[in-house]
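Step one of this worksheet: look at the structure below.
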Amino acid sequence: MKITRIETINVAEFPAVTWVQVYTDAGHVGLGETWFGPRSVVGAIHEIFSPILIGKNPLDIERHWRDMFDMANAFGYAGAETRALSALDIALWDIAGQEAKQPIYNLLGGACRDRIRVYNTCAQYGANRDMEMAFFDPGGLARSLLDEGISIMKWAFTDHFADLSRGVFLSEQDLELMQEPIRQIRKAVGNQMAIANDGHGRWNLQNAIRIGRAMDQYGMFWQEELIQPTNVENHLALAREVEAPICVSERLVTKYQFRDYLRAGAAEVVMPDLIWTGGITETKKIAVMAEAEQAPVAPHDCTGPVNVFACAHICMNAPNVMVMETVRAFYGKSGYYGRFIEPNIVVRDGFLLAPEGPGLGTRLKKDVRERSDATVESSDSPGGDHWGGLHSPFEVVDSGGKRLVRLKSGSNPGRSRRGKKA
């Protein structure tokens, strides 16, 4: 089996999402996804990675991950290149599951569970108003979530205060005011609802400690990204000063960046973003590393529908996954997931159920490519093993009992043919 074509799909209605479909000569089509910076991601997929993958066996996933990472790492990997790699990796796992006629979690070693508890991130879409309710009716929001069996919620309760000074100044008055929604939730439903705060990396260390200590009285589920994950020592200091677990972080890319935080004990909850950090291959390894440090994993999601399916397979397989992030505004009846994929995820009584069927367990709807706001780009030509410096154009061989260096046959790299939908 060989990869014959790689396709990217973007729609103007949701410009941050990039879908990738990997086609094979066996008829399998693997689906992947990433989020943010679509033009740079699409460029990386077609200009850098498609020439590496086309013509190769899609089942050699570990080899392909390493080849793509080595190429990206030649000029700095932690950006669009790793987002592109993540989408392609998901698609390759989808193909592997289709070929084996098994869900991906069985290929990862089997299931530890058949469902995982979810928490609701209070974004909103369509008729849903969870984000507004988080500030203007937090008690009512908590009650509505509990009515659906969801007992954990998260929102960015401090962002608008950080915006006043880029997080370097926080008055006592504002410190008190930012806790008001949490007070109202506790008054409305007591400790039935676990509450997590997402700081989006907007505070300096001093103010992050003040916020964490002030909110500790409410028994917070965790404090996420109160500071940017650019300094392990500061995260460790934060963890020592704040009672709530410190959650780190969708901004860390690959096992190499997570390693230092885990070894230092600075990541008390490990939150990889599967479509940013390296796909299913890398997220599985990050989960294993976290397990060795006895740290729980809570995959990140506030993005597109394919990510939730990919994360679901990690959640079913990895024993130390604690909870899965979901956005009911996106997957619910008025959400947008169901307009793009079939089937949709199933959240029942506060739990995400294991995907059914081979591979990811979902597919992109056929009419997505035909939307008037869709941009479809395709590559179908290999670039050779040494394309762009991935491998040397020279080779070492034995000849007449001697070791020789010679130029590889056909060493000039090919070019990827790339076109847009008419």
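The table below lists the values:
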read-out	value
Percent of Cα-Cα distances greater than 38 Å, calculated over the chain	24 percent
Packing-based exposure ordering (other Cβ within 10 Å, fewest first) of ASP67, ASP174, ASP373	ASP373, ASP174, ASP67
Around GLY139: net Lys/Arg minus Asp/Glu count, Cβ-Cβ under 12 Å	+2
Relative contact order of the chain, defined on C-alpha pairs under 8 angstrom at six or more residues apart (%)	21 percent
Ranked LEU352, LEU177, LEU88, criterion: other C-beta atoms within 10 Å, fewest first	LEU177, LEU352, LEU88
The chain, helix-only ellipticity at 222 nm - DSSP H runs n ≥ 4, -39,500 (n - 2.57), divided by all residues, nearest 500	-10000 deg cm²/dmol
Taking GLU268, GLU47, GLU180 and counting other C-beta atoms within 10 Å, the order from fewest to most	GLU180, GLU47, GLU268
Under-5 Å amide H pairs with GLN102, H placed in peptide plane, nonlocal only	GLY359
Antiparallel DSSP beta bridges within segment 105-357, as percent of all bridges there, nearest 5	20 percent
DSSP-defined beta bridges in the chain - what % are antiparallel, rounded to 5	65 percent
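We did not get these values from a lab; they are worked out from the coordinates using the rules stated. Because the structure is a prediction, the values reported are computed rather than measured. Virtual Cβ from ideal backbone geometry, glycine too; neighbours counted across all protein chains shown.
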